[in-house]
1. According to a simple spin-label model (label point 7 Å from Cα along Cα-to-Cβ), what is the distance in nm between GLN55 and CYS19?
2. Within region 22-74, which trypsin sites (Lys or Arg not before Pro) sit in a loop by DSSP and count at most 10 neighbouring Cβ atoms inside 10 Å?
3. For ARG29 and LYS65 in the same chain, what is the full-extension length gain: residue separation times 0.36 nm, less their Cα-Cα distance, in nm?
Amino acid sequence: MIDWRPFKDGGALVDAETCLKDAFSTDVRPLLREWAQMRGLASDPLSAFRQSGYQEQITAERAEKNRAMVSNYA
């Protein structure tokens, strides 16, 4: 059981809730794009992934591997 008594004094609980709401509603995407660019990474990772062709490559590799593993017990 949580003892809420320490939080009732001075509105600390309300302050904590406000802090949490502010953190939740803060858009950090511009900061993340800047961080990635400073490190030579893609500023839009999903777009970079799609342009890389990696998904198509591994899909083809797995399909080929699965074809090789098919057996017929009939």
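Every number in this text was worked out from the coordinates using simple rules, so none of it is lab data. Since this is a predicted model, take the numbers as computed values, not measurements. A quick note on method: Cβ atoms are made from the backbone with ideal geometry, for glycine too, and the neighbour counts reach across all protein chains shown.
1. 4.0
2. Here the trypsin sites (Lys or Arg not before Pro) that fit, given the DSSP loop and packing criteria, are ARG39.
3. Length gained, ARG29 through LYS65: 9.1 nm.
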